[in-house]
1. Is it true that some residue in segment 123-137 is assigned to a loop (DSSP other than H, G, I, E, B), open to solvent by less than 20 Å² (accessible area, probe 1.4 Å) and not polar (S, T, N, Q)?
2. Only one of these conditions is not met by PHE3: (1) of a type in the set (Phe, Trp, Tyr); (2) at pLDDT below 95; (3) not in a loop (DSSP other than H, G, I, E, B). Which number is it?
3. Which count do you get for residues in segment 71-84 that are touching a Phe, Trp or Tyr at 6+ places or on another chain (Cβ under 8 Å) and either on the phi > 0 side of the Ramachandran plot or surrounded by fewer than 19 Cβ atoms within 10 Å (Cβ to Cβ) (or both)?
4. Would a scan of segment 85-94 turn up a residue that is in contact with a helix residue (DSSP H, G or I) (Cβ under 7 Å, 6 or more places away or on another chain), in a helix (DSSP H, G or I) and either exposed (fewer than 14 other Cβ atoms within 10 Å of the Cβ) or of a type in the set (Val, Ile, Thr) (or both)?
5. How about segment 63-84: which of its residues are under 15 Å from the mean Cα position of the chain (by Cα) and in a loop (DSSP other than H, G, I, E, B)?
6. I'd like the residue in segment 138-151 that is touching a residue at least 24 places away in the same chain (Cβ under 8 Å) and outside any helix (DSSP H, G or I) and, out of all such residues, is nearest to the chain's Cα centre (by Cα).
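The values are calculated or read from the model by the stated rules, or taken from the named source; none is laboratory data. Everything quoted here is computed from the prediction, not taken from an experiment. Here Cβ is always computed from backbone atoms with ideal geometry, including for glycine, and neighbour counts include all displayed protein chains. Side chains are part of the model used for accessible areas, which takes the heavy atoms of the whole protein and leaves out ligands, DNA and RNA. Shrake-Rupley method; radii C 1.70, N 1.55, O 1.52, S 1.80 Å.
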Amino acid sequence: MPFDPSSPAMFCQTLSRRSLLRGTAALGGLALAASLGAPLSAAAADDAVASFTQLSEFLTGYTLDPVLGARFLAALKKRDADLDASLAALSQLIKQSGVANMDGFLALTGTDPALTKTATKIVSAWYLGVVGEPEDAELITYAESLMYRPTKGLLTVPSYGPGPNAWGPKPGSKI
């Protein structure tokens, strides 16, 4: 009988019950490992988002949406490889100092300027709804930006601008 790997007889001869059981056990083990690994990484991500959102709430003074918090955190991390360390140091400073709000944080003396810069980036992102500079800006939210909260219920969020250059040139720019 010539060798034909596609024939059912050849398939049955090369596949034993033992190899089938080994393959099934291996696949089951991989599935179990994957299911155990996913919740751990998801839980770690959830903890990071929860910590970031809690820190953001302290810095802004508002209750914030954790879904937006996850998006802001991801966008900020793309632009700052050391963000996790900065967030941990900032949180630690706030806890150790015992300040009650952002005004108390700003009144602290001897604060590392890098931590103040990190706090400013976070507050700016939440208020503007944008992360990054104009050349690489990433819009996270428009209508939910904190800049619209003070007038919520009184004024509608603008859905369009008055036109190109309606506000005039940026300060310091040439016309």
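1. Within segment 123-137, the subset assigned to a loop (DSSP other than H, G, I, E, B) is 129, 132-133, 137.
Still in the list and also open to solvent by less than 20 Å² (accessible area, probe 1.4 Å): 129.
After this cut, where a residue has to be not polar (S, T, N, Q) as well, the list is 129.
The answer is yes; a qualifying residue exists.
2. Against the list (1) of a type in the set (Phe, Trp, Tyr); (2) at pLDDT below 95; (3) not in a loop (DSSP other than H, G, I, E, B), PHE3 comes up short only on (3).
3. 0
4. So the first thing to find is which residues in segment 85-94 are in contact with a helix residue (DSSP H, G or I) (Cβ under 7 Å, 6 or more places away or on another chain), and the list is 86-87, 89-91, 93-94.
Now narrow it down to the ones that are in a helix (DSSP H, G or I): 86-87, 89-91, 93-94.
Those left that are additionally either exposed (fewer than 14 other Cβ atoms within 10 Å of the Cβ) or of a type in the set (Val, Ile, Thr) (or both): 94.
The answer is yes, given that some residue of segment 85-94 is in contact with a helix residue (DSSP H, G or I) (Cβ under 7 Å, 6 or more places away or on another chain), in a helix (DSSP H, G or I) and either exposed (fewer than 14 other Cβ atoms within 10 Å of the Cβ) or of a type in the set (Val, Ile, Thr) (or both).
5. Start the filter on segment 63-84 by keeping residues that are under 15 Å from the mean Cα position of the chain (by Cα), which leaves 64-84.
Across segment 63-84, the qualifying residues are LEU64, ASP65, ASP80, ALA81, ASP82.
6. Step one: filter segment 138-151 for residues touching a residue at least 24 places away in the same chain (Cβ under 8 Å), giving 138, 140-141, 144, 146, 149.
The next check asks that each one be outside any helix (DSSP H, G or I); those that pass are 138, 140-141, 144.
Working: GLU138: 12, ILE140: 10, THR141: 13, GLU144: 16 Å.
Across segment 138-151, the extreme among qualifying residues is ILE140.
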